[in-house]
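**Student:** Okay, here's the structure, questions in a sec.
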Amino acid sequence: MAGQDAQTDRLFPLAQHAQRGGQGAIAGAIVVHQRQPPRQPRKVGIASVLLEAGSTFGDGSRAICVARQSFHILERIGAVAPFLNKALGWTTGRSFYRGHQILEFEMPDSPRDKYRPMYNIQQQFIEQYLWDAIAAEPLIETRWQSEVIGLSDTPDGVLLTVRDPAGSYDLPADWVLAADGARSPIRKLRGLRLKGENYEGRYVIADVQMAHDYPTIRRALFDPACRPGGTVLVHKQPDDIWRIDYQLRDDERTEDALDEAEVRRSVAAVLAEIGHHGDWALEWWSVYSANTLALDDYRDGRVFFIGDSAHIVPIFGVRGLNNGLADAQNIAWKLSRVIAGHAPEGLLDSYSPERRGS
Ligand SMILES: Cc1cc2nc3c(=O)[nH]c(=O)nc-3n(C[C@H](O)[C@H](O)[C@H](O)COP(=O)(O)OP(=O)(O)OC[C@H]3O[C@@H](n4cnc5c(N)ncnc54)[C@H](O)[C@@H]3O)c2cc1C
């Protein structure tokens, strides 16, 4: 698999993606391959290998809100077109207290901006479109059902042990971008721990299909009749899918709240509150509780942590996926400069402070 030109004897395993996500590593692979920013993506022919433990894309969305900055990154890696076709741009948020609107805000936007401040699109489409972009890059190899189970330093790189359906094998690498998610096995293999806060609030996240006549405006309902004392968020997504997030009361058991009949009952109450009385279908649901956790240093020798493996933030700031893309962008262009001999290795030291401070 080592390749056809001066750079292709270098491998960049990116532990990553698919069962439930993985945009960070895919974007990173494309960026390394293309040598990013300066604004003219120019391919420098650096081979990379993307390793994914799973065998499919996620079957239920997690992230839905993608920020303007991420669209600029998607543009730079040549992947923005399908996102623009599918995603719903939005600028407005409305907040309601006990059924009465108390706030309407507009995010900064102007005709000079190329992209809207925020877009809604399901995470499975994000993964699919990034996969399509990577599939068009001959020097980026993706290996599905390939789980990193070991990792050790060598004098000039890292040796990964990978398990796939045929058995396990060693894979030498110069550098590793570990985008293996919140539970990051690579983080554990390196003996590293996230530090920070866990919060007690729990939210059920449900995606519902319905023909509901309301613009793409984020609605926040505080202390609504359907959830006294709680918070409910409502977002429109493509294909008539609506995201309903509702907060659980302290006395509600998580297992009971996730029972399908109970989810249907709770969603029906929210829909009645927002004035939807027609048909609807429950597509997907899950439960979520917020954490603010991060590694002290996103770099450990030749391993760089990107996305949820490095940091976990509450979903309501819509920063998890957006931060992961920005991480990938930041480290990948630096790595490609260093590998190509256009920058000293010290450039890589700026990754962690820049991204931790963002
Ligand atoms: C309900 C919900 C709503 C959210 N909404 C938003 C939002 O609106 N906006 C936003 O920006 N973020 C949002 N997020 C956060 C966002 O989903 C995550 O931040 C993002 O998916 C993290 O991407 P990642 O690539 O770091 O990790 P993941 O998406 O978790 O991907 C990790 C991948 O690594 C693979 N893997 C794991 N171990 C190994 C191994 N040993 N070897 C090989 N591969 C491995 C896994 O199979 C997986 O595919 C939301 C999250 C949730 C739960």
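**Student:** Could you please tell me which pairs satisfy a Cβ distance under 7 Å, a separation of 6+ or placement on different chains, a first residue in the stretch 228-246 that is more than 17 Å from D279 (Cβ to Cβ), and a second residue that is within 14 Å of the ligand (Cβ to nearest atom) and among the hydroxyl-bearing types (S, T, Y)?
**Tutor:** Every condition considered, the pairs that remain are G230/Y246; V232/Y246; D245/Y203; Y246/Y203.
**Student:** Taking P138 as meeting all but one of (1) touching a Pro at 6+ places or on another chain (Cβ under 7 Å); (2) exposed (fewer than 15 other Cβ atoms within 10 Å of the Cβ), write down the number of the exception.
**Tutor:** (1)
**Student:** Right, something else. Among the residues of the stretch 286-307, is there at least one that is in the same structural domain as L177 (by TED's automatic domain parsing), assigned to a helix (DSSP H, G or I) and either polar (S, T, N, Q) or closer than 30 Å to D239 by Cα (or both)?
**Tutor:** yes
**Student:** Which residues, taken from the stretch 54-72, are at pLDDT below 95 and near the ligand (Cβ under 8 Å from one of its atoms)?
**Tutor:** Initially, the stretch 54-72 is screened for residues at pLDDT below 95, giving 54-64.
Hits for the stretch 54-72 are G54, G58, S61, R62, A63, I64.
**Student:** Still on this structure: Tell me, which residue of the stretch 184-212 that is hydroxyl-bearing (S, T, Y) and surrounded by 14 or more Cβ atoms within 10 Å (Cβ to Cβ) is modelled with the highest pLDDT?
**Tutor:** Taking the stretch 184-212 first, the residues hydroxyl-bearing (S, T, Y) are 184, 199, 203.
Checking the rest, the ones that are also surrounded by 14 or more Cβ atoms within 10 Å (Cβ to Cβ) come to 184, 203.
Numbers: S184: 97, Y203: 94.
Step by step, filter the stretch 184-212, then rank; the result is S184.
**Student:** If you don't mind, there's one more thing I want to ask. Considering (1) in contact with a strand residue (DSSP E or B) (Cβ under 6 Å, 6 or more places away or on another chain); (2) near the ligand (Cβ under 10 Å from one of its atoms), say which one L194 fails and leave the rest.
**Tutor:** For L194, the exception is condition (2).
**Student:** Identify all residues within the stretch 316-345 that are away from the ligand (no atom under 14 Å from the Cβ) and either in a loop (DSSP other than H, G, I, E, B) or touching a residue at least 60 places away in the same chain (Cβ under 8 Å) (or both); write none if there are none.
**Tutor:** Result: W333, L335, S336, R337, I339, A340, G341, H342, A343, P344.
**Student:** Looking for something within 26 Å of H235 (Cα to Cα) and more than 9 Å from the ligand (Cβ to nearest atom) - is there at least one such residue anywhere in the stretch 157-173? Explain how you work it out, then say what you get.
**Tutor:** Quick first cut of the stretch 157-173, residues within 26 Å of H235 (Cα to Cα) only: none.
No, the stretch 157-173 has no match at all.
**Student:** Follow-up question, since we're still on this one. Check off (1) touching a residue at least 12 places away in the same chain (Cβ under 8 Å); (2) assigned to a strand (DSSP E or B); (3) among the hydroxyl-bearing types (S, T, Y) for T216 and give me the number that stays unchecked.
**Tutor:** Here T216 meets the rest and fails (2).
**Student:** Among what's in the stretch 339-358 and is hydrophobic (A, V, I, L, M, F, W, C) and at pLDDT below 95, pick the residue that is surrounded by the fewest Cβ atoms within 10 Å (Cβ to Cβ). Don't jump to the end; show me each part of the working.
**Tutor:** Going residue by residue through the stretch 339-358, those that are hydrophobic (A, V, I, L, M, F, W, C) are 339-340, 343, 347-348.
The next check asks that each one be at pLDDT below 95; those that pass are 339-340.
Working: I339: 19, A340: 14.
Per the stated criteria, the residue is A340.
**Student:** Quick check, is V338 within 25 Å of F222 (Cβ to Cβ), in contact with a helix residue (DSSP H, G or I) (Cβ under 9 Å, 6 or more places away or on another chain) and not charged (D, E, K, R)? Don't jump to the end; show me each part of the working.
**Tutor:** Details: within 25 Å of F222 (Cβ to Cβ): no; in contact with a helix residue (DSSP H, G or I) (Cβ under 9 Å, 6 or more places away or on another chain): yes; not charged (D, E, K, R): yes.
No.
**Student:** So, V313, is that one near the ligand (Cβ under 9 Å from one of its atoms), modelled with pLDDT under 95, under 30 Å from L160 (Cα atoms) and not acidic (D, E) or not?
**Tutor:** yes
**Student:** Answer yes or no as to whether D109 is free of Cβ contacts under 8 Å to residues at least 24 places away in the same chain, more than 24 Å from D207 (Cα to Cα) and touching a helix residue (DSSP H, G or I) at 6+ places or on another chain (Cβ under 9 Å).
**Tutor:** Values: free of Cβ contacts under 8 Å to residues at least 24 places away in the same chain: yes; more than 24 Å from D207 (Cα to Cα): yes; touching a helix residue (DSSP H, G or I) at 6+ places or on another chain (Cβ under 9 Å): yes.
Considered against the rule, which asks whether it is free of Cβ contacts under 8 Å to residues at least 24 places away in the same chain, more than 24 Å from D207 (Cα to Cα) and touching a helix residue (DSSP H, G or I) at 6+ places or on another chain (Cβ under 9 Å), D109 comes out as yes.
**Student:** Condition check: more than 30 Å from G346 (Cβ to Cβ), in contact (Cβ under 8 Å) with a residue 40 or more places away in the chain and away from the ligand (no atom under 14 Å from the Cβ). Does D256 satisfy that? First the steps, then the outcome.
**Tutor:** Numbers: more than 30 Å from G346 (Cβ to Cβ): yes; in contact (Cβ under 8 Å) with a residue 40 or more places away in the chain: no; away from the ligand (no atom under 14 Å from the Cβ): yes.
So D256 fails the test.
**Student:** Since S152 meets every condition but one in (1) part of a strand (DSSP E or B); (2) of a type outside the set (V, I, T); (3) within 28 Å of I77 (Cβ to Cβ), which condition does it not meet?
**Tutor:** Exception for S152: condition (3).
**Student:** Any residue that is farther than 21 Å from G229 by Cβ, within 20 Å of the chain's Cα centre (by Cα) and loosely packed, with under 14 Cβ neighbours inside 10 Å - is there at least one of those in the stretch 299-319?
**Tutor:** In the first step, residues of the stretch 299-319 are kept if they are farther than 21 Å from G229 by Cβ; the result is 299-313, 317-319.
Filter again for within 20 Å of the chain's Cα centre (by Cα), leaving 299, 303-313, 317-319.
From what's left, loosely packed, with under 14 Cβ neighbours inside 10 Å: 317.
Yes, the stretch 299-319 contains a residue that is farther than 21 Å from G229 by Cβ, within 20 Å of the chain's Cα centre (by Cα) and loosely packed, with under 14 Cβ neighbours inside 10 Å.
**Student:** Hand me the list of strands (runs of 3 or more DSSP E) wholly inside the stretch 79-136 holding 2 or more residues that are in contact with a Leu (Cβ under 9 Å, 6 or more places away or on another chain) and closer than 15 Å to K236 by Cα.
**Tutor:** On the way: elements: 88-90, 92-97, 100-106, 118-120.
Those strands (runs of 3 or more DSSP E) span 92-97, 118-120.
**Student:** Going by the structure shown, is D259 under 25 Å from N120 (Cα atoms), at pLDDT 95 or above and loosely packed, with under 14 Cβ neighbours inside 10 Å?
**Tutor:** On the way: under 25 Å from N120 (Cα atoms): no; at pLDDT 95 or above: yes; loosely packed, with under 14 Cβ neighbours inside 10 Å: yes.
Considered against the rule, which asks whether it is under 25 Å from N120 (Cα atoms), at pLDDT 95 or above and loosely packed, with under 14 Cβ neighbours inside 10 Å, D259 comes out as no.
The values are calculated or read from the model by the stated rules, or taken from the named source; none is laboratory data. None of these values were measured; they are calculated from a predicted model. Every residue, glycine among them, receives a Cβ derived from its backbone with ideal geometry; neighbour counts consider all protein chains shown.
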